[in-house]
1. Just checking, does segment 409-418 include any residue being of a type in the set (Lys, Arg) and either in contact with a Ser or Thr (Cβ under 8 Å, 6 or more places away or on another chain) or farther than 30 Å from His464 by Cα (or both)?
2. Restricting attention to segment 141-194, which residues are touching a residue at least 60 places away in the same chain (Cβ under 8 Å), touching a Pro at 6+ places or on another chain (Cβ under 6 Å) and farther than 15 Å from Ser231 by Cβ?
3. Which one of these does Ala362 not meet: (1) closer than 29 Å to Ile164 by Cβ; (2) without any contact (Cβ under 8 Å) to a residue 12 or more places away in the chain?
4. Is segment 405-421 home to any residue that is charged (D, E, K, R) and in contact with a strand residue (DSSP E or B) (Cβ under 7 Å, 6 or more places away or on another chain)?
5. Filter segment 183-203 down to residues that are assigned to a strand (DSSP E or B) and small (Gly, Ala, Ser) and give me whichever is surrounded by the most Cβ atoms within 10 Å (Cβ to Cβ).
6. Would you point out which residue out of Ala358, Ala346, Ala362 is buried (at least 17 other Cβ atoms within 10 Å of the Cβ), farther than 13 Å from Phe301 by Cβ and not basic (Lys, Arg)?
7. With the checklist (1) crowded, with 20+ Cβ neighbours inside 10 Å; (2) out of contact with any strand residue (DSSP E or B) (no Cβ under 8 Å at 6 or more places or on another chain); (3) within 30 Å of Cys80 (Cα to Cα) in hand, flag the one item Ala455 doesn't pass.
Amino acid sequence: MPQLEKGQEISLKIEDMGTDGEGIGRLDGYTLFVKDALEGDLVRVKILKTKKRYGYARLLEVIEPSPWRVTPKCDCARACGGCQLQHCSYEKQLIWKEKKVRDCLQRIGGFAEIPMEPIMGMDKPYHYRNKAQFPVGYDKEGNLVTGFYAGRTHSIIPNTDCAIQHPCNHAILETVLSFMKTYHITAYSEKTHTGLVRHILTRVGKYTGEVMVCLIINGNKLPHSEKLVESLLSCPINGTEEGGAEENVLYDNCQIKSICLNINQEKTNRILGNKIVPLYGQTYIEDKIGDITYRISPLSFYQVNPEQTHKLYTTALEYADLQGDEVVWDLYCGIGTISLFLAQKAAKVCGVEIVPQAIEDARDNARRNGFTNAEFFVGAAEDVVPEQYEKSGGALRADVVTIDPPRKGCDEKLLRTVVQMEPEKIVYVSCDPATLARDLKYLCGEGYELKRVRACDMFGHSGHVETVVGLQRKSM
């Protein structure tokens, strides 16, 4: 094993990519992880940290670029914490993400044969996000800035023209910054808990063109707020995706429908508080996924990539294979996005979500879309489902269970109860291949069979990947 020391510079061939998209190289059997390096690169690196079997190094120079290396669209891509893979061709990103899912299922889940279907990639992997939260602060010279945090820090990388965010954000951010400078509105400081504006939040309805602008403030009111409204309503937010707008994608017809404040006076790095104050219009916008319209507030969880979400949910519906007479339990249902998709084909859907506001939104979305076969429960899925099962005396059953948990996956108590409910099918939607593999290993050890697996790229140029899995109960 080579004797490497901190600060040493070496040349390294990158042979693979790690969990977060970082490059992996080996020197005489010793593994080095290099952020921003790409499989196929020959690079010069500086050793940052060494452990017994592996270490970390910083990319200094690309000596010979990988055939998959491309020029990032954002000048600040390497410094910004928003993307990890802008330097990688989109084709290679999809190959790597599919491999990431397969590797986790094999290594953690112990699955020798995996019924993988082709990954669902994006037609246009830029300007796809419908939500952004921009921190506001000052640079070293004291200039007011907004942008994104550098990776693993709270240092703002100035950027008002992000390549993966909706194009209308640029004009909105410049308008808000101009307003703050004109009226001497201060930016919030986490260190001193002083200053007013903490973040600028934007949400865009991809299929409705409705736009929300929300300022998160460390106070109860915003001075000269009427001037902000006036400026925003006159700013030129219309724009198109690169290559022009597609049919039914109303980038050309964006219109601000909601301007509001979110009050957060806590000493916390949590972005949003609970109180919303309207300045113009309603405190929500609307958007559609398929034929269903959803109402979205600043606090609502709503998938950030509606086009890919439609593909993901259509696949989940296909895997559920509903015939019209099934009872479905939808766990971690959010504002009812998957629930209502399923309710189109099921006899009854029961959704469970821990966030009370999300359940209010889910019930409202069901009512406004004319669904009478959807019921929603507030509480943690790992508490609500076992409680309902026990309350029924063990008689609670489901034909299909859909699960869309946070990154940490499912509590074993919940999985045990799901198995006891004896659904014929389980559809698991995951945002973390490692916890997905762990949970699938449990379910397949309790009488279920892995039937279909498909990755979906919801977050182009990041290291994240979604996966939808169909499981079938084995015949006894």
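1. no
2. Gly147 - this is the single residue of segment 141-194 that is touching a residue at least 60 places away in the same chain (Cβ under 8 Å), touching a Pro at 6+ places or on another chain (Cβ under 6 Å) and farther than 15 Å from Ser231 by Cβ.
3. Every listed condition holds for Ala362 apart from (2).
4. Looking through segment 405-421, none of the residues is charged (D, E, K, R) and in contact with a strand residue (DSSP E or B) (Cβ under 7 Å, 6 or more places away or on another chain).
5. Of everything passing the filter in segment 183-203, Ala187 is surrounded by the most Cβ atoms within 10 Å (Cβ to Cβ).
6. Ala346 is the lone residue from the list that is buried (at least 17 other Cβ atoms within 10 Å of the Cβ), farther than 13 Å from Phe301 by Cβ and not basic (Lys, Arg).
7. Failed condition: (2).
Residues are listed down the side, and each one gets a yes or a no for (1) closer than 24 Å to Ile119 by Cα; (2) in contact (Cβ under 8 Å) with a residue 60 or more places away in the chain:
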site	(1), (2)
Pro278	no, no
Tyr284	no, yes
Ser297	no, yes
Ser300	no, yes
Lys311	yes, yes
Pro356	no, no
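The values are calculated or read from the model by the stated rules, or taken from the named source; none is laboratory data. All figures in this text were calculated on a predicted structure; none of them were measured in a lab. For neighbour counting, all protein chains shown are included, and Cβ atoms are generated from backbone atoms with ideal geometry for every residue, glycine included.
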